[in-house]
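Take a look at the structure set out below.
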Amino acid sequence: MIFEWTSLNNVTSDIVDKFDCGEETFNDFLKEQAKTWMSEGYAVTYVAVDKNELEAGNVQRIYGYAAVNSTGLLYKNADKNKYLSCAEIRMFAVARSLRGKEAVDLDGVRYSYKLFQALMQELYFISTTYIGFCAVTLNANDTGLGLYKKFGFIQSDQYIPPDEEEKIDIENCTPLIFSFLDVNALVTLFS
């Protein structure tokens, strides 16, 4: 199966209602808040679906989702301030059936990693085609921290995030960043 990221608006509400990642906060966001955030300009939500089903206009299942917005970070440096334009992944969830050590493709790669890699490829395309940004930032909960670090995200303690923004109440998050400018970024994205 080939996953395709598409707008939440391209999927019917009955398919959205079937999504289950195993974490109530993330399920509720997709079902109850995502469309409001889109209409109010807080974040755009993309869903990962089967590419063939999408092309046939018959999406049967959501395999994951990501709510993404633009943001900026200020580099903490006493000598000089540096602004970094970013995309922020506000929410990312993978369907429960595609999570865990046994949820792997024929190459032995976990589906959660493949979905996240496809999302990052899409964000790279957006950054080089539609709106420029050179990094992706997110706040990782304990469930996703290993995935993001495996992908190459590093802690972003040296950056100052925006002060005022609506947050989803998720405890113990670690701020992370992935730079498209890193010499190994394209290898990570496309290997």
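Figures for the structure shown
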item	result
Percent of C-alpha pairs per 10 Å bin, the chain, short to long	8, 36, 39, 14, 2, 0
Listed residues 83, 63, 111, most fluctuating in the chain (Gaussian network, C-alpha, under 10 Å)	83
Residue 80-residue 113 FRET efficiency (beta carbon distance; Förster radius 25 Å; 0.05 resolution)	0.10
Stretch gain in nm, segment residue 191-residue 172, where the contour uses 0.36 nm per residue and the Cα spacing is subtracted	3.8 nm
For the chain, calculated [θ]222 nm from helices alone, where every DSSP H run of n ≥ 4 adds -39500 (n - 2.57)	-8500 deg cm²/dmol
Residue 32 - accessible surface, heavy atoms, 1.4 Å probe, Å² rounded to 10	130 Å²
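The values are calculated or read from the model by the stated rules, or taken from the named source; none is laboratory data. For clarity, every value in this text was computed on a predicted model and none was experimentally measured. No Cβ is skipped: glycine too gets one built from the backbone with ideal geometry, and neighbour counts run over all protein chains shown. Ligands, DNA and RNA are stripped out before the accessible areas are found, and what is left, the full protein with its side chains, is counted by its heavy atoms. Shrake-Rupley method; radii C 1.70, N 1.55, O 1.52, S 1.80 Å.
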